[in-house]
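The next block holds one structure in the form of structure tokens; read it before the comments.
The values are calculated or read from the model by the stated rules, or taken from the named source; none is laboratory data. Note that the structure is a prediction, hence the values are computed from the model and not measured. Don't worry about glycine lacking a Cβ; one is built from the backbone with ideal geometry, like all the others, and counts go over all protein chains shown.
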Amino acid sequence: MDDPLAYFLTWTTYGTWLPGDERGWYDYHQGLQLADLQCWFEAAERMTDEAVRLDASQRAVVEATITRHCQIRGWKLHAVNARSNHVHVVLTSEKHPDDVREQFKAWCTRQLKQNDRSGRTDDDGDRARAREGLS
């Protein structure tokens, strides 16, 4: 039995844990790295926008988007928890966990930007989805 029962995925929001961070950081090919102030400043300079910290309504949007995406894909969602600067998801999927995480990040970003442009709150979206039968 080589297939995992579930994946535990975690990712940080944009700009909240940069390479060189004083807490340490992970390099994809090198593993855990120690703090490096110069590396952190260089990463901060490359940022194209402000760091993202999710408020309560944005966290609800992220959790609803992930839940909906799992339903659409037929993935078994065991748990989802969006925090101010990171997200945790436990799910069962036949897809590679990197692909799953990237799909979640893309759809959550898209939904957050759409809500930001429309000025709609999550409660408005929940009511609209309920009317459309999408909840």
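Below, the figures for the structure above:
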item: Residue within region 67-81 that is modelled with pLDDT of 95 or more, within 15 Å of ALA6 (Cβ to Cβ), among the charged types (D, E, K, R) and out of contact with any Pro (no Cβ under 9 Å at 6 or more places or on another chain) present; result: yes
item: Residues (more than 13 Å from PHE104 (Cβ to Cβ) and either without any contact (Cβ under 8 Å) to a residue 24 or more places away in the chain or of a type outside the set (D, E, K, R) (or both)) located in region 82-93; result: SER84, ASN85, THR92
item: Subset of region 95-117 that is out of contact with any helix residue (DSSP H, G or I) (no Cβ under 8 Å at 6 or more places or on another chain) and in contact (Cβ under 8 Å) with a residue 60 or more places away in the chain - its residue that is farthest from ASP49 (Cα to Cα); result: PRO97
item: Subset of region 20-59 that is under 18 Å from the mean Cα position of the chain (by Cα) and surrounded by 14 or more Cβ atoms within 10 Å (Cβ to Cβ) - its residue that is farthest from ASN81 (Cα to Cα); result: TRP25
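Yes/no matrix, rows are residues, columns are (1) in a strand (DSSP E or B); (2) among the hydroxyl-bearing types (Ser, Thr, Tyr):
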residue	(1), (2)
GLY20	no, no
GLN38	no, no
GLN58	no, no
ALA64	no, no
THR67	no, yes
GLN71	no, no
LEU91	yes, no
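Okay, residues lined up against (1) in contact (Cβ under 8 Å) with a residue 60 or more places away in the chain; (2) of a type outside the set (Gly, Ala, Ser); (3) not assigned by TED's automatic domain parsing to the domain that holds CYS108:
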{"position": "LEU37", "(1), (2), (3)": "no, yes, yes"}
{"position": "PHE41", "(1), (2), (3)": "no, yes, yes"}
{"position": "ALA60", "(1), (2), (3)": "yes, no, no"}
{"position": "THR65", "(1), (2), (3)": "no, yes, no"}
{"position": "ARG68", "(1), (2), (3)": "yes, yes, no"}
{"position": "GLN71", "(1), (2), (3)": "no, yes, no"}
{"position": "TRP75", "(1), (2), (3)": "no, yes, no"}
{"position": "HIS78", "(1), (2), (3)": "yes, yes, no"}
